[in-house]
Amino acid sequence: MNYLSFLPTGIIILNIVFIILLIFFERKDPTVTWAWLLILTLIPVLGFILYLFLGLTPKKRKVFQRKREEDEVKKYDKKLISAELNQRITEFDHLEQSIIRLASKNDLPTGIGYNQLQIYTSGREKFADLFEDIKNARKFVHANYYIINDDRLGDQFMRLLTKKAAEGVEVRLIYDRMGCRNLSRYSIYKLEDAGGKAVPFAPFVLI
């Protein structure tokens, strides 16, 4: 296989990535953005190298530095989690240990020790249990949903959360702005007015 044949395609892909990054960092100054876009178009890849040396302000360099520091912290945390995991899974057989490690590497719940798992194959059964658990909550209700529609089911869910918040239970809701675009803003207002908190994940931001 001649890998050199893929070189032009690779350069184009890299240049597109560079352009996206450039638009993100220079979005407040259209003149500067157009100037660097022209350079990137005329001299792909090399143009981005020039941008790294000439176009980055101290503030932007700080963003890259913070990203590197966060990556280092995450890498260190993963090592600690892995070490603790290896100590806790010795009681499981080889297959179970492999599954637990696979879940951990993919940032999925490992489900080891003192956990209870309920598998639902019916939405009706799942939401019946969910609503019952919310009704019985005494200390807190923490919920995270991608889609909450402005329908009978969504209305019942929001009403229950609002009721528990009014009773003094700690209610926290994280919802996706896109997935919950049909959710009534008034229902969120009522939840917050009752003492609960609702925050969107990945809110819309105008560039």
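Read-outs: derived from the displayed coordinates by stated rules, not from any lab. Computed from a predicted model, the values in this text were never measured in an experiment. Please note: Cβ atoms are built from the backbone with ideal geometry, for glycine as well, and neighbour counts cover all protein chains shown.
Brief remarks follow.
- Taking residues in the stretch 75-91 that are within 12 Å of residue 101 (Cβ to Cβ), and partners anywhere that are hydrophobic (A, V, I, L, M, F, W, C) and not in a loop (DSSP other than H, G, I, E, B), the pairs with Cβ atoms closer than 8 Å and at least 6 places apart or on different chains are 85/100; 89/100.
- Restricting attention to the stretch 148-207, the residues that are assigned to a helix (DSSP H, G or I) and over 18 Å from residue 127 (Cα atoms) total 11.
- Here residue 98 meets the list (1) surrounded by 11 or more Cβ atoms within 10 Å (Cβ to Cβ); (2) on the phi > 0 side of the Ramachandran plot almost entirely, failing just condition (2).
Conditions (1) out of contact with any Phe, Trp or Tyr (no Cβ under 8 Å at 6 or more places or on another chain); (2) surrounded by 15 or more Cβ atoms within 10 Å (Cβ to Cβ), marked per residue:
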site: 138; (1), (2): yes, no
site: 156; (1), (2): no, no
site: 179; (1), (2): no, yes
site: 195; (1), (2): yes, yes
